[in-house]
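Contents: one structure, followed by commentary.
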């Protein structure tokens, strides 16, 4: 596995020059998906639309027309991205059968550059989870060990990339859901700065932390996808201006870069194998000319508790729309409106969605709002201030993506709080909005270990430059 | 220190428009209590003098012109998933008795 595909820019160049047919690429991708169904990474494929679009691209090329920077490149979208050509389910029964009336902005942008969406990847329902065990469809298997989880919530996307089903996949990262599965499966997973990529047409979970990003087999591939997707969008009022320079320009290296190894991420709870891999990676960074020292960010461990207040609060608001009246599952036998609401949601939602909706309702309710939600947002400010302060004399932060490698299927499924703890190292970047990336950094007990780099707000180019330099150190 | 009892959970369920089963009421009571116990560790954190953060972009008043545009989907498409519609509107059961 990883990677049977050439680099994305090479695939597209080859297609544009007529050396490779878009249709061939799409057929290869669909065949791979079919062959590897046992890993349950994919919820649905869109064969017809994908082949039609590929044929259009091949026709364009034969007429000498520009087919785009991603011409003929197949990709897989997490099933919380609205797409034409099939269903969008968010892996929840409440959206089973739902056909989107419009597409996500990022899907439109990728298609405009010639990329072709071939399938929808499995996820924890509504992206609530760290393992894909909360999917109302099935649990995706880790490509390295089928008895283990791929991580989540973008578990299907990470597994699909590692299994070579497509050169890249799209995921969402709200508390770590791109970086964690990338770490568990051995892929590159990028969480851009909050606001850099439009969320229009992506099922909302936590509006103040949700971010869209690519999973791929190398940094250059993640970078070109970011470059195509990013930038202000009138349909998403939270989007920021992108960097004027291309995110694909990755020259720079590590010489002289000041990197802080986060002390709180290297303490108890992390496995010996993970610690070993990270320390070895740090030595490599030093050998490449980076200056690495230990930094302490004592408020970072608070991010998890703050997140598990803010997250359910915003989830309870964002999931209010699933009420059985406008789209999605609707309970047929309701006598009155209340019964229609209550039964549609009771039957349509899974346990984790219900838990989060109720916790969110509680922490936002009168009498509790100040103690919980407001307090969490104050702690959020504390975290942001601490991170900003450390970036005044550092270029990057480094640490593991996760305290352990992939755990066994079923190991944490019956303990919601234990499952939440998996996000301990990823959530701070979500609460503060900083860009972060997980890169493969070795193996422990035959399972991939991910190293996490975090950059200042809007420092996505610097992050990718450092990631590329680290990758090149092999 | 938040032991949620049956009534607390039923109140939350009502606010959340969820018709929970008896088993769910019991299991959620203990699961949610455990989670609230964990997040309450924030009580002890010193946040004197800080302002709450509700968003991290710093953007304010992102405006657009108040005009009808060719939006990405037509009303007929947006209504197509509904269980009941009438005259270009979503039709629901009686709201006011």
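The values are calculated or read from the model by the stated rules, or taken from the named source; none is laboratory data. Since the model is a prediction, treat every value here as computed from it, not as a measurement. For neighbour counting, all protein chains shown are included, and Cβ atoms are generated from backbone atoms with ideal geometry for every residue, glycine included.
The set of residues in the stretch A:182-207 that are within 25 Å of residue A:403 (Cα to Cα) and out of contact with any strand residue (DSSP E or B) (no Cβ under 9 Å at 6 or more places or on another chain) comprises A:193, A:194, A:206.
The residues of the stretch A:203-235 that are over 13 Å from the mean Cα position of the chain (by Cα) and closer than 18 Å to residue A:429 by Cα, listed by number, are A:206, A:207, A:208.
Annotation note: of A:209, A:174, A:193, A:239, the sole residue that is within 14 Å of chain B (Cβ to nearest Cβ), within 26 Å of residue A:307 (Cα to Cα) and out of contact with any helix residue (DSSP H, G or I) (no Cβ under 8 Å at 6 or more places or on another chain) is A:239.
Just one of the listed residues (A:328, A:273) is in contact (Cβ under 8 Å) with a residue 60 or more places away in the chain and either over 28 Å from the mean Cα position of the chain (by Cα) or part of a loop (DSSP other than H, G, I, E, B) (or both), namely A:328. Here residue A:435 fulfils each of the conditions (1) within 14 Å of chain B (Cβ to nearest Cβ); (2) over 18 Å from the mean Cα position of the chain (by Cα) apart from (2).
Consider the stretch A:148-168 and keep the residues that are under 14 Å from residue A:438 (Cβ atoms) and touching a strand residue (DSSP E or B) at 6+ places or on another chain (Cβ under 7 Å). The one that is surrounded by the most Cβ atoms within 10 Å (Cβ to Cβ) is A:157.
Looking only at the stretch A:89-103, which residues are within 11 Å of another protein chain (Cβ to nearest Cβ) and either free of Cβ contacts under 8 Å to residues at least 40 places away in the same chain or part of a loop (DSSP other than H, G, I, E, B) (or both)? Walk me through it before giving the result.
The first filter runs over the stretch A:89-103 and keeps only residues within 11 Å of another protein chain (Cβ to nearest Cβ), leaving A:95, A:97-103.
Result: A:97, A:98, A:99, A:100, A:101, A:102, A:103.
Selection of the stretch A:134-147 for residues being surrounded by fewer than 24 Cβ atoms within 10 Å (Cβ to Cβ) and assigned to a loop (DSSP other than H, G, I, E, B) yields A:136, A:137, A:138, A:139, A:141, A:144, A:146, A:147. Kindly establish whether residue B:82 is within 7 Å of chain A (Cβ to nearest Cβ), under 23 Å from the mean Cα position of the chain (by Cα) and either over 26 Å from residue A:304 (Cβ atoms) or assigned to a loop (DSSP other than H, G, I, E, B) (or both). When the stated conditions are applied, residue B:82 passes them. Which count do you get for residues in the stretch A:166-178 that are more than 23 Å from residue A:92 (Cβ to Cβ) and within 11 Å of the chain's Cα centre (by Cα)? Number of matching residues: 0. Exactly one residue out of B:53, B:85 is over 22 Å from residue A:314 (Cα atoms), in contact with a helix residue (DSSP H, G or I) (Cβ under 6 Å, 6 or more places away or on another chain) and at pLDDT 95 or above, and it is B:85.
With respect to the conditions (1) part of a loop (DSSP other than H, G, I, E, B); (2) within 14 Å of another protein chain (Cβ to nearest Cβ); (3) in contact with a helix residue (DSSP H, G or I) (Cβ under 8 Å, 6 or more places away or on another chain); (4) surrounded by fewer than 24 Cβ atoms within 10 Å (Cβ to Cβ), residue A:109 lacks only one, and its number is (1).
Against the conditions (1) closer than 30 Å to residue B:56 by Cβ; (2) without any contact (Cβ under 8 Å) to a residue 40 or more places away in the chain, residue A:299 satisfies every one except (2).
Give the residues of the stretch B:9-26 that are at the interface with chain A (Cβ under 8 Å from one of its Cβ atoms) and assigned to a helix (DSSP H, G or I), sorted by residue number. B:9, B:12, B:13, B:15, B:24, listed by residue number. Of the strands (runs of 3 or more DSSP E) that lie entirely inside the stretch A:177-266, those containing 3 or more residues that are touching a residue at least 60 places away in the same chain (Cβ under 8 Å) and buried (at least 23 other Cβ atoms within 10 Å of the Cβ) span A:188-191, A:212-216. For the stretch A:32-46, the tally of residues that are in contact (Cβ under 8 Å) with a residue 40 or more places away in the chain and not in a strand (DSSP E or B) stands at 8.
Yes/no per residue for (1) more than 7 Å from chain A (Cβ to nearest Cβ); (2) surrounded by 15 or more Cβ atoms within 10 Å (Cβ to Cβ); (3) outside any loop (DSSP other than H, G, I, E, B); (4) in contact with a strand residue (DSSP E or B) (Cβ under 9 Å, 6 or more places away or on another chain):
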| site | (1), (2), (3), (4) |
| --- | --- |
| B:33 | yes, yes, yes, no |
| B:42 | no, yes, yes, no |
| B:47 | no, yes, no, no |
| B:50 | no, yes, no, no |
| B:53 | no, yes, no, no |
| B:59 | no, no, no, no |
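I want to confirm something. Restricting to the stretch A:276-296 and keeping residues that are in contact with a strand residue (DSSP E or B) (Cβ under 6 Å, 6 or more places away or on another chain) and closer than 22 Å to residue A:424 by Cβ, which single residue is surrounded by the fewest Cβ atoms within 10 Å (Cβ to Cβ)?
Among residues in the stretch A:276-296 that are in contact with a strand residue (DSSP E or B) (Cβ under 6 Å, 6 or more places away or on another chain) and closer than 22 Å to residue A:424 by Cβ, the one surrounded by the fewest Cβ atoms within 10 Å (Cβ to Cβ) is A:294.
The residue that is farthest from the other protein chains (Cβ to nearest Cβ), counting only those in the stretch A:371-385 that are out of contact with any helix residue (DSSP H, G or I) (no Cβ under 6 Å at 6 or more places or on another chain) and modelled with pLDDT of 95 or more, is A:385.
Taking the stretch A:300-330, which residues are surrounded by fewer than 20 Cβ atoms within 10 Å (Cβ to Cβ) and within 9 Å of another protein chain (Cβ to nearest Cβ)? I'd like the intermediate steps shown before the answer.
As a first pass, look at the stretch A:300-330 and keep what is surrounded by fewer than 20 Cβ atoms within 10 Å (Cβ to Cβ): A:301, A:317-318, A:320-321, A:325-326.
Correct list: A:320, A:325, A:326.
Any idea which residue in the stretch A:343-353 is nearest to residue A:316 (Cα to Cα), counting only those that are at the interface with chain B (Cβ under 7 Å from one of its Cβ atoms) and surrounded by fewer than 22 Cβ atoms within 10 Å (Cβ to Cβ)?
Initial filter on the stretch A:343-353 (at the interface with chain B (Cβ under 7 Å from one of its Cβ atoms)): A:343, A:345-346.
Imposing the further condition that a residue be surrounded by fewer than 22 Cβ atoms within 10 Å (Cβ to Cβ) reduces the set to A:343, A:346.
On the way: A:343: 17, A:346: 14 Å.
If we take residues in the stretch A:343-353 being at the interface with chain B (Cβ under 7 Å from one of its Cβ atoms) and surrounded by fewer than 22 Cβ atoms within 10 Å (Cβ to Cβ), then A:346 is nearest to residue A:316 (Cα to Cα).
What's the number of the condition residue A:417 fails, among (1) surrounded by fewer than 16 Cβ atoms within 10 Å (Cβ to Cβ); (2) at pLDDT 95 or above? The one condition residue A:417 does not meet is (2).
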